[in-house]
Amino acid sequence: MKDNKITYGSIDEYIATFSPEIQDILQTLRQVIKESAPGAKEKISYQMPTFELHGNLVHFAAFKNPTPSGIEEFKEELKEYHKSKGTIQFPTGKPLPYEIISRIVKYRVASNMEKAKSKKKK
């Protein structure tokens, strides 16, 4: 049996599969993450665009029908968005809250850096 699962080799390949409107949103989100997490590396993980810095930092994706710590820290500012464990769903019909996203990424950078420091001490 042939496996028809789509796989992506890069974030560019992933983004290219969407309409131009969604591509623009994803590219802007990607840039906000890059600026908020200097030194983070791009990769594909779980078939989603991912940034890593001393471990996975943040994943982002676009879904036509969308089905922990960063969310909890910003829960008041994110109350209007649907959330589940480790996931925030932003509707495509509204502008993304890039300022909040940037702050969440910076919070995750600090958390991962602290975790990496404590691992080095052990």
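None of the figures in this text is laboratory data; all of them are computed from the coordinates on show. In this text the structure is predicted, and so the values were computed from the model without any measurement. Glycine gets a Cβ as well: all are built from the backbone with ideal geometry, and neighbour counts include every protein chain shown.
With unit charges on the beta carbon (Lys/Arg positive, Asp/Glu negative), name the residue among Leu53, Thr28, Ser102 whose Cα is farthest towards the positive pole of the charge dipole of segment 11-121.
Leu53
Less than 16 Å apart at the alpha-carbon level, and either on another chain or at least 8 residues along: which lysines does that give for Lys43?
Lys34
Net charge near Lys34, counting Lys/Arg +1 and Asp/Glu -1 over other residues with Cβ under 11 Å of its Cβ?
Spelling it out: positives minus negatives among the neighbours equals 0.
Report the equivalent ellipsoid semi-axes for segment 29-122 in whole Å, largest first, defined as the square roots of five times the eigenvalues of the gyration tensor built from alpha carbon atoms.
Semi-axes (√(5λ), whole Å): 23, 15, 13.
Which whole-Hz ³J(HN,Hα) couplings does segment 32-47 yield from phi under the Karplus relation 6.51 cos²θ - 1.76 cosθ + 1.60, θ = phi - 60°, glycine and proline marked x?
Running phi through 6.51 cos²θ - 1.76 cosθ + 1.60 with θ = phi - 60° gives 4, 5, 4, 5, 7, 9, x, x, 6, 9, 8, 7, 9, 9, 6, 6 Hz.
Quick one: Karplus J couplings for segment 74-85, per residue in order, coefficients 6.51, -1.76, 1.60, θ = phi - 60°, nearest Hz, x for Gly and Pro?
10, 4, 5, 6, 9, 4, 7, 9, 6, 10, 9, 3
Rank-order 19-29, 85-95, 50-60 by packing density, defined as the average count of other C-beta atoms within 10 Å over each peptide's residues, highest first.
50-60, 19-29, 85-95
In whole angstrom, note down how far apart the Cα centers of segment 9-37 and segment 95-122 are.
Between the Cα centres of segment 9-37 and segment 95-122 lies a distance of 20 Å.
Once amide H atoms are built 1.01 Å from N in the peptide plane, which residues 5 or more positions from Ala40, or in another chain, come under 5 Å H to H?
none
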